[in-house]
Amino acid sequence: MILEWIASIVAALCPLSAVSHLRSTAPTYLTTDADARDHLASALVAGAAYAVPAALLSSIAWHESRYQQRQITPEVGGHASCGVMTPEPTTRAGCRRATSTLLSGYLAGARHLRGWLDVCGQNVACALWGYAGGYRLIAACRAGVDSRGCRVPWVFVERARAIGP
């Protein structure tokens, strides 16, 4: 896939300072510079492909999976959210595709976020509610229902600020 090739070039060109900075925001999970470089390159390529900020993708990856490419989170109805960004519940069989490469996980998350940004008229808070809980969470948060999920956008945005551009 051409994006895999581009990601390998981006990884090779990532400045060590940017790699070290990303690693410093999650040293327990990004244990080597190579780990951090691969995540940074994947976030940059996926962000460019779907016109979403790479730092926000990295923030979501930290929150959803602690940067684990093969993360599988059980969901209701026998489904699972899987991959580094756990974007949408799928079948267990669907998890194999979502976790096949690190870049495929970031691309799936970026595509999912882009869809919510489009649905929400580019409103980041609304899009992040959608990413985290779909239309049900969007409705609950807009109605002022006290829900931990309503704080999700600020958690993601604050971590994205710490991660950087």
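One table, with the values for the structure above:
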{"read-out": "Output for the stretch 38-97, where each listed residue is more than 15 Å from LEU128 (Cβ to Cβ), of a type in the set (A, V, I, L, M, F, W, C) and out of contact with any helix residue (DSSP H, G or I) (no Cβ under 6 Å at 6 or more places or on another chain)", "value": "ALA48, ALA49, ALA51, VAL76, ALA93, CYS95"}
{"read-out": "Criterion (of a type in the set (Val, Ile, Thr), surrounded by 16 or more Cβ atoms within 10 Å (Cβ to Cβ) and more than 29 Å from TRP5 (Cα to Cα)) met by exactly one of VAL152, VAL119", "value": "VAL152"}
{"read-out": "Count of the stretch 129-151 residues which are assigned to a helix (DSSP H, G or I), without any contact (Cβ under 8 Å) to a residue 40 or more places away in the chain and of a type outside the set (Lys, Arg)", "value": "13"}
{"read-out": "Meets criteria (at pLDDT 90 or above, open to solvent by 20 Å² or more (accessible area, probe 1.4 Å) and not hydrophobic (A, V, I, L, M, F, W, C)) for ARG97", "value": "no"}
{"read-out": "Residue match in the stretch 127-134 (condition: of a type outside the set (Gly, Ala, Ser), surrounded by 22 or more Cβ atoms within 10 Å (Cβ to Cβ) and out of contact with any His (no Cβ under 8 Å at 6 or more places or on another chain))", "value": "yes"}
{"read-out": "Leading residue by the ranking (surrounded by the fewest Cβ atoms within 10 Å (Cβ to Cβ)) among those in the stretch 18-68 that are of a type in the set (S, T, N, Q) and assigned to a loop (DSSP other than H, G, I, E, B)", "value": "THR28"}
{"read-out": "Residue selected from the stretch 76-94 under the condition at negative phi and assigned to a helix (DSSP H, G or I), by the criterion surrounded by the fewest Cβ atoms within 10 Å (Cβ to Cβ)", "value": "VAL76"}
{"read-out": "Residue match in the stretch 58-67 (condition: among the aliphatic types (A, V, I, L, M) and within 16 Å of GLY164 (Cβ to Cβ))", "value": "yes"}
{"read-out": "All positions within the stretch 1-17 that are open to solvent by 70 Å² or more (accessible area, probe 1.4 Å), out of contact with any Asp or Glu (no Cβ under 9 Å at 6 or more places or on another chain) and not β-branched (Val, Ile, Thr)", "value": "MET1, TRP5, ALA12, LEU13, PRO15, SER17"}
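The values are calculated or read from the model by the stated rules, or taken from the named source; none is laboratory data. What you see is a predicted model, and the numbers here were worked out from it, not measured in a lab. Heads up, the Cβs are rebuilt from the backbone with ideal geometry, glycines too, and the neighbour counts pull from every protein chain shown. Only protein heavy atoms, including side chains, enter the accessible area calculation; ligands, DNA and RNA are left aside. Shrake-Rupley method; radii C 1.70, N 1.55, O 1.52, S 1.80 Å.
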